[in-house]
1. Hey, any hits in the stretch 121-139 for a residue that's within 14 Å of the ligand (Cβ to nearest atom) and touching a Leu at 6+ places or on another chain (Cβ under 8 Å)?
2. Pairs needed: first member in the stretch 130-156, closer than 21 Å to Asn171 by Cα; second member anywhere, among the charged types (D, E, K, R) and buried (at least 23 other Cβ atoms within 10 Å of the Cβ); C-beta distance under 7 Å; at least 6 residues apart or different chains.
3. Just checking, how many residues over the stretch 168-180 are crowded, with 24+ Cβ neighbours inside 10 Å and either under 13 Å from the mean Cα position of the chain (by Cα) or not in a strand (DSSP E or B) (or both)?
4. Among the residues of the stretch 88-100, is any among the polar types (S, T, N, Q) and either farther than 19 Å from Gly146 by Cα or free of Cβ contacts under 8 Å to residues at least 24 places away in the same chain (or both)?
5. Given the residues Arg89, Arg18, Arg61, Arg29, which is the only one that is in a helix (DSSP H, G or I) and either under 20 Å from Asp237 (Cβ atoms) or of a type in the set (Val, Ile, Thr) (or both)?
6. Filter the stretch 177-190 down to the residues that are over 21 Å from Gly113 (Cβ atoms) and either in contact with a Leu (Cβ under 6 Å, 6 or more places away or on another chain) or within 15 Å of the ligand (Cβ to nearest atom) (or both) and list them by number.
7. Among the residues of the stretch 201-223, are any within 12 Å of His150 (Cα to Cα), touching a helix residue (DSSP H, G or I) at 6+ places or on another chain (Cβ under 6 Å) and surrounded by fewer than 20 Cβ atoms within 10 Å (Cβ to Cβ)?
8. Of the residues that sit in the stretch 225-245 and are acidic (Asp, Glu) and in a strand (DSSP E or B), which one is surrounded by the most Cβ atoms within 10 Å (Cβ to Cβ)?
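The values are calculated or read from the model by the stated rules, or taken from the named source; none is laboratory data. The model shown is predicted, which means the values in this text are computed figures rather than measured ones. Heads up, the Cβs are rebuilt from the backbone with ideal geometry, glycines too, and the neighbour counts pull from every protein chain shown.
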Amino acid sequence: MSSDLVISIFDDSEQVARAAAERFMARGRDAIDRQGRFSVALAGGSTPRRAYEIIASPPFRDQIDWSRVHLFFGDERPVPPAHPESNYRMVYEKLISKLPIPTENTHRIVGEGDPNQSARAYEEDLRNYFEGETWPRFDLVLLGMGDDGHTASLFPGTEGLKDETAWVTSNWIEKLKMPRITLTAPALNHAAYVLFVVTGQEKSARLQDVLEGPFDPQRLPAQLIRANEGTVEWLLDRDAASKLQAK
Ligand code: 6PG
């Protein structure tokens, strides 16, 4: 199977959130039917929050067997889980706390403590879960994109972009003066389905660069995400898509 690229444009961010929730449910039910479990890596940041709220509310919440869903994270900030900047905290508040999901099905990246050790511990958790696999094989990866072209915590010009063997890395972000723990591009690219969720006019120019500009992943890390044997779908609102030529 080769990689597919799909661009889906909606009127507004609410429709984008609803579409993301629908994709989550459809991919989840399909994965559970086929293999008995659904493995998903969630995005942090602000854009997916509404999608998480929709997934956590009826009727969506009641459409999947949560005991068979495993929630992972694409990246984490170097903070404890109760910190306002914590991706885990955001996902816990919007989603996990509202679901009948067993605690052991939530695979948090430890943001507190030594980031190199946390990266190793998260990779070990993933390797135990995806036992015997050379790379993690998520059924679904949700990603956002920053207005500098980063995705997960793969920021422009950072060392983590070069990683070709690790599943997880502690990536120093000079402009933030802090490390972040992130799945690497090859780990993300072994997912069956990658769903980018991008909204707002302020991201339109960078989005056009990423999707239609020259391949320059050191400057535009989101270009690294290609899903080797799966699909990458971009869910966009009209504002984010406004500068795309092909729409
Ligand atoms: C994070 C994310 C990051 C995010 C983008 C977009 O931890 O911040 O995983 O990659 O998705 O920065 O963030 P917004 O949705 O807040 O614009």
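1. No, there is no match, as no residue in the stretch 121-139 is within 14 Å of the ligand (Cβ to nearest atom) and touching a Leu at 6+ places or on another chain (Cβ under 8 Å).
2. If the second residue must be among the charged types (D, E, K, R) and buried (at least 23 other Cβ atoms within 10 Å of the Cβ), the pairs left are Met145/Lys203; Asp147/Lys203; Ala152/Asp75; Ser153/Asp75; Ser153/Arg180.
3. Residues flagged as crowded, with 24+ Cβ neighbours inside 10 Å and either under 13 Å from the mean Cα position of the chain (by Cα) or not in a strand (DSSP E or B) (or both) within the stretch 168-180 amount to 0.
4. Step one: list which residues in the stretch 88-100 are among the polar types (S, T, N, Q), which gives 97.
From what's left, either farther than 19 Å from Gly146 by Cα or free of Cβ contacts under 8 Å to residues at least 24 places away in the same chain (or both): 97.
Yes; the residues of the stretch 88-100 include at least one that is among the polar types (S, T, N, Q) and either farther than 19 Å from Gly146 by Cα or free of Cβ contacts under 8 Å to residues at least 24 places away in the same chain (or both).
5. Checking each option against the conditions leaves just Arg18.
6. Initially, the stretch 177-190 is screened for residues over 21 Å from Gly113 (Cβ atoms), giving 185-190.
Across the stretch 177-190, the qualifying residues are Ala185, Ala187, Leu188.
7. Yes, some residue in the stretch 201-223 is within 12 Å of His150 (Cα to Cα), touching a helix residue (DSSP H, G or I) at 6+ places or on another chain (Cβ under 6 Å) and surrounded by fewer than 20 Cβ atoms within 10 Å (Cβ to Cβ).
8. The first filter runs over the stretch 225-245 and keeps only residues acidic (Asp, Glu), leaving 229, 233, 237, 239.
Next, from what is left, pick out any that are in a strand (DSSP E or B): 233, 237.
Numbers: Glu233: 20, Asp237: 24.
Checking each candidate, the answer is Asp237.
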